[in-house]
Amino acid sequence: MEWMAWSLVTAIFFIGIATLLIAMTVAEIKHPSVERKGFLPIIATTRGDRLFIGLLSSAFFHLGFLALSESSVWIPFGISILWLICVLRWG
Amino acid sequence: MNLKVKNNKAWFLVLPVLALVAFSAIIPLMTVVNYSVQDIFDNSSVFVGTEWYREILNDPRLQSSLIRQFVFSGAVLLVEIPLGILVALMMPKSGRMASLCLVILAMPLLIPWNVVGTIWQIFGRADIGLMGAFLNGIGIDYNYASNPIDAWLTVLLMDVWHWTSLVALLCYSGLRAIPDAYYQAAKIDQASAWAVFRYIQLPKLRSVLVIGILLRFMDSFMIYAEPFVLTGGGPGNSTTFLSQTLTKMAIGQFDLGPAAAFSLVYFLIVLLVSWLFFTTITHLDNKK
């Protein structure tokens, strides 16, 4: 595994993603998701769609922040967590 | 009464595919993420956080490559999609001529990318190339090696020559799937050729067109071998697209950290566009 050049931060990142996917799978088995229309435009979404949209938009938000600001990356991280919760709950 | 039986054990059948995808895509992607936050030397590495991301996002060379890439993909779609529809509409509906047309159309698709680049490199040469020498012979000062506009037009023409067939074949299959009853109804209504196209053929082609647009966008967005062989990215950097910039960075300069960060940005753009197209297709199907 040395060739993969692991670091603690990336390991935590991937464990977080894996945990999220496992949790979503368990949630889907226990409480199957039903498509619904929230504040996201045009499309009705399932729980998985909303997670994907939340994560992808957060990634672009991080990139935009890094391109335009010298401030700490914890700022977009915090905003992204809030955004992800909003998308999952009301999206 | 709901007779649908759910058996989640069927998911085990996809495990071999998951294992294959893990080895071919997920593990390499994870490695790229690891590289993107570290400065890797021969036997050691230093964690640099988001430094490479800040560097590449503010790199004018990458920004100009990205703009060129979007302009190129946009131009490819603007030319190839209408041309592909036109070719499909003009093709014979059945018989030997239809088979011959299909074979001829499929031929450019079978040629490897680097060979296409070589063909057009020779074809466009001002001294010996059929197209280049002809254009210069009739008084047009054409030289793709020194003039950026000529280089762009040649790369675009090469892509149109190589890939319009794909759009045409997709549209042809879509057109053949339209039931004859629609045309008979249009004939009874004395509909013009334009009305038949606008209200019958085009709506029925929607699904294949979305697939065609998606395929052509993704492929043109990742173009590498053809312009690399034809122009080498020049003159200057005028035809240097994203994948070529990335290759230069990773292999030419051995800047693995910035190249990894750039790869992830590239991947996210491709992912976003794919998702937008996928959502559009699903949305259109649901609306039907």
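Annotations for the structure displayed:
- For peptides B:155-166, A:6-17, sequence by mean Cβ density within 10 Å, most packed first: B:155-166, A:6-17
- Relative contact order (percent, whole number), the stretch B:50-283, Cα cutoff 8 Å, 6+ residue spacing: 30 percent
- Computed over chain A: relative contact order in percent, which uses C-alpha pairs under 8 Å that are six or more apart: 27 percent
- Shielding score for A:2-15, defined as the mean number of other chain Cβ atoms within 10 Å: 5
- In plain terms, the chain from B:Thr279 to B:Val46 could stretch by 79.9 nm, reckoned as 0.36 nm per residue minus the Cα-Cα distance.
- Acute angle (nearest 10 degrees) that the helix A:74-90 long axis makes with the longest principal axis of chain A, alpha-carbon atoms: 10 degrees
- Interchain or long-range residues, amide H under 5 Å from B:Gln38's placed H: B:Val48
- Exposure proxy order (Cβ contacts within 10 Å, fewest to most) of B:Tyr172, B:Tyr144: B:Tyr172, B:Tyr144
- Summing charges over neighbours of B:Trp163, with a neighbour being any other residue whose Cβ is under 15 Å away from its Cβ, gives -3 when K and R count +1 and D and E count -1.
- Relative to one another, the C-alpha centroids of the stretch B:1-63 and the stretch B:213-233 are positioned 24 Å apart.
- Shown here for the stretch B:186-260: trypsin sites (Lys or Arg not before Pro) in loop regions (DSSP other than H, G, I, E, B) with at most 14 other Cβ atoms within 10 Å, of which there are none.
- Ordering of B:25-37, B:122-134, B:86-98, A:31-43 by burial proxy (mean other Cβ atoms within 10 Å per residue, highest first): B:25-37, B:122-134, B:86-98, A:31-43
- By the beta-carbon count within 10 Å of each Cβ, the least crowded to most crowded order of B:Glu55, A:Glu70, B:Glu80, fewest first, is A:Glu70, B:Glu55, B:Glu80.
- Other residues lying with their Cβ under 15 Å from the Cβ of B:Val87 contribute a combined charge of +2, Lys and Arg counting +1, Asp and Glu -1.
- Peptide A:53-59 shows a mean partner chain C-beta count of 2 within 10 Å per residue C-beta.
Rule-based calculations on the coordinates, nothing more; no lab input. Because the structure is predicted, anything quoted here is derived from the model rather than measured. Using ideal geometry, Cβ is built from the backbone for each residue, glycine included, and neighbour counts are taken over all protein chains shown.
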